[in-house]
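The values are calculated or read from the model by the stated rules, or taken from the named source; none is laboratory data. These numbers were taken from a predicted model, which means no experiment stands behind them. Methodologically, a virtual Cβ is constructed for each residue, glycine included, from the backbone with ideal geometry; neighbour enumeration extends over all protein chains shown.
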Amino acid sequence: MPGLALLALARGDAPSAVAGIRRALGEAAQPFQRPRLLAAAVTIDLEAGRRDDAQAAVDELIAVAGRSGSEVLAAMAHEAAGAALLAAGSAADAAVRLRAASGVWRRLRMPYEAARAAVLLGRSCLAVGDQASAALEFDAADTTFRDLGAEPELAHLRSLTGTAASTDVLTARELEVLGHVAAGKTNRQIAAELSISEHTVGRHLENVFAKIGVSGRAAATAYVYEHDLL
């Protein structure tokens, strides 16, 4: 926890996610155990329509952050508060909180967290009619998620923006791996060529297959030649 609860939410099983995160919070007696659980609870409760529970988690997270003086906890609190305000229809107030969170994540060089905040900030901008700023935030998040190989977050972002996956969203490394596959090399050979692990090669291939809509190496090779990627 909170990974299992968030996974259940991603799979569309909100009741299991709620039950899991509530159980974990009930068992987390030590203050240092609670912030990550509280942040996840906000996400889960908002998705499940439990706004009162989400706000209670926000309030506790803000209190914990205030007592600690930690920049990370402050950013978590700002982001959680921004998400709750956005869900309540207070987009302008949400943007203030989310910009504060985004600034901390960038300053601390935490790109994944910054990208998640950017998605929420982009939604806030859209809600107040600022489409240009929303596009900038979404583009920044898209780039980061692609670079990190964060496929679930990328899929969620594209569901918000209506952007379809294509070859132009393959990262430079993914294109490199795809070229080696088309040349008939095994994962072990590719790993040695690129000085990365076989596991990393496999992860890149999973991402590539999902992005270009194929199910295996032969189809991927055909795709490369059909689209003149070599």
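Helices (runs of 4 or more DSSP H) fully within segment 53-150 that include at least 3 residues being closer than 28 Å to Gln30 by Cα: 71-87, 91-107, 111-127. Just to verify a result, which residue in segment 27-51, among those that are acidic (Asp, Glu) and within 20 Å of the chain's Cα centre (by Cα), is farthest from Met1 (Cα to Cα)? This residue is Glu47. Scanning segment 1-22 for residues that are closer than 10 Å to Leu37 by Cα and of a type in the set (Lys, Arg) returns a single hit, Arg22. Collect the residues in segment 170-217 that are buried (at least 17 other Cβ atoms within 10 Å of the Cβ), modelled with pLDDT under 80 and assigned to a helix (DSSP H, G or I), keeping them in residue-number order. Across segment 170-217, the qualifying residues are Lys211, Ile212.
For every residue, the table says whether it meets (1) surrounded by fewer than 22 Cβ atoms within 10 Å (Cβ to Cβ); (2) farther than 19 Å from Glu47 by Cβ; (3) in contact with a strand residue (DSSP E or B) (Cβ under 7 Å, 6 or more places away or on another chain).
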| site | (1), (2), (3) |
| --- | --- |
| Arg67 | yes, yes, no |
| Ala88 | yes, no, no |
| Val104 | yes, yes, no |
| Glu137 | no, yes, no |
| Ala140 | yes, yes, no |
| Thr143 | yes, yes, no |
